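Heads up, the thing below is written out as structure tokens.
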Amino acid sequence: MLNKFPRAHLAAAILMGAVVSTTMILSPSADVEAGRMSVSLDLHSGQSTPLADAQTSSAAIAGNPSASLTPNRTDTQPPIAAPIDVPEEPAYDWSNFQIESGDTLSSLFKQAGFNDGLMLSVIHGDGEADKLQRLYAGETISFATDSAGALAAIKLQRSRLESLNIERTDTGYTGERVVLEPEARITYAEAEIESSLFGAGQAAGLTDKLTMELAGIFGWDIDFILDIRKGDTFSVVYEELYLDGEKIDNGRILAASFNNDGRELNAVLYTDNDGVSAYYTPEGRSMRKAFLRTPVDFARISSHFNLARRHPVLHRIRAHKGTDYAAATGTPIKAAGDGKVLLAGRKGGYGNTVVLQHGNNITTLYAHMRSFARGIRTGGRVTQGQVIGYVGSSGLATGPHLHYEFRVNGAPRNPVTVPLPDAQPIASAELARFKAVTQSVLAQLETHQSASQMTLARGE
Ligand SMILES: [Zn+2]
């Protein structure tokens, strides 16, 4: 859900970001005000970090275990605490093989010096030993041999976090899938936009993926091509994921603020009682709208809503009750909002058409489809962003495009300008929990913002 982006412009924003970041390397004058700090936050107690600590560098954090935000999130592997009188685990001889395409389990056993008979007894072992049959290129398989030359254990490392561990028992072999949970450390970053969102994000130490997520959160309110101004600022509190003290990835954005042309927007991540995570304003309103503004990406408007238009095929005045988006044949078309499928079928000059019934007496219509998406049929239900079909030129169409209509109480409205209702806010019964859960991370965002403003005011 969080990867859903409401605006086709976002794709263009990435391209622009790539161009800008290239020119930034060439031109040092294209400087970006940016800062990034890793700080110790404690979401559980809601303590705010003293201002003096706000400048803590990530290097200092790395050596400070108390910087961990979430003491409950640790490796799932139990600590090795062997009593003194138990003999140490026998030393095995391990041989490792990087799995390449074309390798089979049989060929890997052979390389390790073991035969197919032994391989069969391993994969017929207990637990999840049979999962050893699913091998993928890029994984590493390790065979442990005991002092007698017999196979004692196998470890299939699927990723940094996931492995399949098989061990010899008295009765054969037994396998267990082990998934490590990385430690999430909370990081704060802020930036001022000089020329592009992605340039500012990079200067603040954010990956493009994280900047993309940030744009996705605010993309319902800010057009990242048209609305962005020099001097806009953003700040973000997000997770960095560590394993054994080494950063392996970024986690979720927990809270963010965007100051666009003097307008400040704040968002906070919240997981509701049903386990669904989404971004809300601090007051509990959804950051999302109930409808996507544009149901296709990578499209341009080829014909506007116009109730007095001359029809291009019929050559007479006929209202154009929707917006046409020209796009390549086969481009996915998304449901603008949650709803029920009133029609998925042929509809005269509209060709292959889907009509959706939403709440608030709103219907949306998608025409000239090449084909419907799998599972889309009259009477079914769809969720916002779900692919319902593909751009084509069925019916009366001069070329591949989506004809999109937005009707309120049956009356056609301009899809480009019609005010879109917000998605569901936090339910009033859950509002107290929402406030309690989000309070501390919002306080952290605010503390760091004011800390950096003080620093700027002192001219440091
Ligand atoms: Zn049209």
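The numbers here are math on the coordinates, done by the rules we state, and not lab data. Note that the coordinates shown come from a computational prediction; the quantities given were computed from them, not determined experimentally. When we count neighbours, we look across all protein chains shown, and the Cβ atoms used for this are built from the backbone with ideal geometry, even at glycine.
Miscellaneous remarks
- Whichever aspartates and glutamates have a C-alpha closer than 12 Å to that of LYS247, once near sequence neighbours (fewer than 8 apart) are set aside: GLU183, GLU239
- For a label point 7 Å along the Cα-to-beta-carbon line of GLN453, residues of region 187-219 with backbone N under 18 Å: 189-193
- Under-5 Å amide H pairs with GLY389, H placed in peptide plane, nonlocal only: ILE333, ALA373
- Burial ordering of ASP232, ASP422, fewest other beta-carbon atoms within 10 Å first: ASP422, ASP232
- Taking Lys and Arg as +1 and Asp and Glu as -1, the other residues whose beta-carbon sits under 14 Å from that of ALA411 total +2.
- Computed about its Cα centre, the charge dipole of region 300-413 is approximately 200 debye, with only Lys, Arg, Asp and Glu carrying charge at their Cβ.
- Region 300-413: relative contact order as a whole-number percent, Cα under 8 Å and 6+ apart: 30
- A straight Cα-to-Cα reach below 22 Å connects LYS110 with the lysines LYS131, LYS155, residues fewer than 8 places away in its own chain not being considered.
- The distance separating the Cα centre of region 200-245 from that of region 264-305 comes to 16 Å.
- Relative exposure of ARG160, ARG413, ARG185, judged by other C-beta atoms within 10 Å (fewest first): ARG160, ARG413, ARG185
- Among beta bridges from DSSP that stay inside region 93-179, the antiparallel ones total about 90%.
- 18 Å Cα-Cα reach of LYS321 towards lysines, excluding residues that sit fewer than 8 places from it in its own chain: LYS347
- Size of electric dipole in region 93-179: Cβ of Lys, Arg +1 and of Asp, Glu -1, about Cα centre, debye, nearest 20: 200
- Long-range HN-HN contacts of ASP422 with modeled amide H, under 5 Å: ALA290
- As a proxy for reagent exposure, ranking MET119, MET454 by other Cβ atoms within 10 Å from fewest up yields MET454, MET119.
- By DSSP, the beta bridges lying fully in region 300-413 are antiparallel in about 100 percent of cases.
- For region 127-136, 3J(HN,Hα) computed residue by residue from phi via the Karplus equation (6.51, -1.76, 1.60; θ = phi - 60°) reads x, 9, 4, 5, 5, 5, 6, 8, 10, 10 Hz, glycine and proline entered as x.
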